[in-house]
Structures are given as structure tokens and as C-alpha cells.
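Structure record follows, encoded as C-alpha cells.
The values are calculated or read from the model by the stated rules, or taken from the named source; none is laboratory data. Values in this document were obtained by computation on a predicted structure and should not be read as measured data. What goes into the accessible areas is simple: the full protein's heavy atoms, side chains included, and nothing from ligands, DNA or RNA. Shrake-Rupley method; radii C 1.70, N 1.55, O 1.52, S 1.80 Å.
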Amino acid sequence: MNGSQSAAGKRRRVGVLGLQGDFQEHLEVLREIDVEPVDVRRPEHLEGVDALIIPGGESTTISKLSDLYGLTEPIRERARHGMPLWGTCAGAIFLATRVPGRPQTILSLMDMTVERNAFGRQVDSFEADLKVPKLGPAPFHAVFIRAPKITEVGKGVNVLSRLDDGTIVAAQQGTLLATSFHPELTPDRRFHRYLVDLIDRS
Ligand code: GLN
């Protein structure tokens with residue numbers, strides 16, 4: 001069996017919330033790893049997807065558009081019923097339960113506090129080689145763009161990676177995944193494959 005297919009040999013379908021941000025890059029990565037990409041812009045597009053990625057971009061805009069198109073509640077429902085969901089950067093903010101100072105809707109699914117733009121202006125963007133033991137021994141080269149920090153996680157959340165100073169930058173709670181950085185912008189496909197592997201656990 002190949003990870004991009006179900007036990008019955010069906011090709012996996014993974015959605016990317018295509019409202020704002022760099023969803024196109026994720027769709028291309030999915031094609032590359034032999035998963036059927038689905039650009040999710042309406043609630044009906046969620047039907048039949050095995051997992052969903054919420055891309056990086058501007059979290060306030062993504063959450064407003066998600067409300068406007070009636071997607072917020074259907075995404076919550078699917079995730080609560082076990083659909084794997086991965087938020088990258090702005091997507092991680094949208095996924096969180098606690099975002100200090102934030103008036104907009106959040107999905108409130110993952111038990112963590114996420115602080116927006118927490119690395120400060122002087123390091124708006126930077127790159128780092130991360131240790132991510134779950135993905136194997138090779139470091140994961142990560143690109144951070146006006147990235148959030150995961151400042152606190154609940155008991156049911158596993159930390160997948162930290163920066164050298166201890167800042168949490170990747171975490172998992174069951175079938176929910178959050179990364180502060182952008183794996184779709186570098187050639188390493190291990191995080192996208194990791195999401196596809198979660199489909200079998202859901
Ligand atoms: N700073 C953005 C926000 O707060 C996130 C940036 C990103 O997704 N690259 O929504």
C-alpha cells in the first residue's frame with residue numbers, strides 16, 4: 001500500500017482552503033506527492049476530502065472569508081469527526097483555541113495559545129533547520145514569514161519541534177497539526193506526507 005492511497009487503492013483527496021494566502025503552493029505539492037488536490041472555497045467542496053490544509057496568509061482575512069462563505073462551522077464539524085486538519089502559519093492561528101488580543105473568529109480546535117507576529121519586525125522572516133524527530137533524523141529546513149509563536153500547549157498536545165531557544169514551532173493534537181512555518185515553500189515533502197499518513201488514523 002502506498003501512503004497516497006487508501007487501503008482500497010483509492011487516491012487520497014486533500015483539500016486546501018483557497019480563500020487567501022499561498023494555497024496554490026500547497027495544491028502543487030499535493031499533486032507532486034500523488035494526492036488529489038481540492039481547492040476548497042465553498043462548504044460543498046469539503047465533502048469527500050480526506051484532510052484539509054489551511055495555508056499561510058493573513059489570518060484575519062482568512063477567518064473573515066471563512067465566515068462569509070459559511071465554511072467555519074463545516075470545517076469545525078469535519079475536524080471534530082476526525083478529518084485531519086493542518087494549519088500552516090496563519091492557518092495555525094486560525095486553528096488555535098487562544099489567540100491573545102484577537103477579535104476575529106478562530107476555529108478553537110487545538111488546545112494551544114498562538115501569538116501573531118511574535119518574532120518582531122526585525123526578524124519578520126528567517127529560516128532555520130529544525131529537529132523534527134517524528135519526521136526522521138534529517139533536519140527540516142523551515143521558512144518563517146511574519147510567523148506566529150505557539151506559546152503554550154494543553155496536555156493533549158504533542159510538541160513536534162522547537163527552535164533552539166525553546167519556542168514551539170510545530171505541534172500535534174490527535175489528527176490536528178500546526179506549524180508556524182511554511183513547508184510548502186521548500187522542497188522537503190515530509191510534513192505533507194505526514195498529514196496524508198494521519199488520514200489512516202482518523
Ligand atoms: N502574520 C500573519 C497573520 O498574523 C501570518 C503570516 C503567514 O501566514 N505567513 O495572520
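Do you know the Lys pair count in the chain for C-alpha distances under 28 Å, with sequence separation 8 or more or different chains?
6
Using only the Cα atoms of the chain, what are the Rg and Dmax in Å?
Every Cα atom of the chain included, Rg and Dmax give 15.5, 50 Å.
With runs of 4+ DSSP H residues as the only contributors, calculate the mean residue ellipticity of the chain at 222 nm using -39,500 (n - 2.57) per run, divided by the residue total and rounded to the nearest 500.
Theoretical 222 nm ellipticity from helices: -6500 deg cm²/dmol.
Calculate one ³J(HN,Hα) per residue across the stretch 52-65 by plugging θ = phi - 60° into the Karplus curve 6.51 cos²θ - 1.76 cosθ + 1.60, and present them in order as whole Hz with x for glycine and proline.
Calculated HN-Hα couplings, in order: 9, 10, 9, x, x, x, 10, 4, 5, 5, 4, 6, 5, 5 Hz.
Over the chain, with the other protein chains present, what is the accessible area per residue in square angstrom, probe 1.4 angstrom?
44
Report, in whole Å, the centroid distance computed from the Cα atoms of the stretch 22-68 and the stretch 115-180.
Spelled out, the Cα-based centre of one part sits 21 Å from the other.
Under the classification rounded if a/c is under 1.5, otherwise prolate if a/b is larger than b/c and oblate if not, where does the stretch 97-202 fall, given a ≥ b ≥ c as square roots of the Cα gyration tensor eigenvalues?
Because a/c hits 1.5 or more and a/b fails to exceed b/c, the stretch 97-202 counts as oblate.
Accessible area of the stretch 67-164 with a 1.4 Å probe: how many percent of it is carbon plus sulfur?
50
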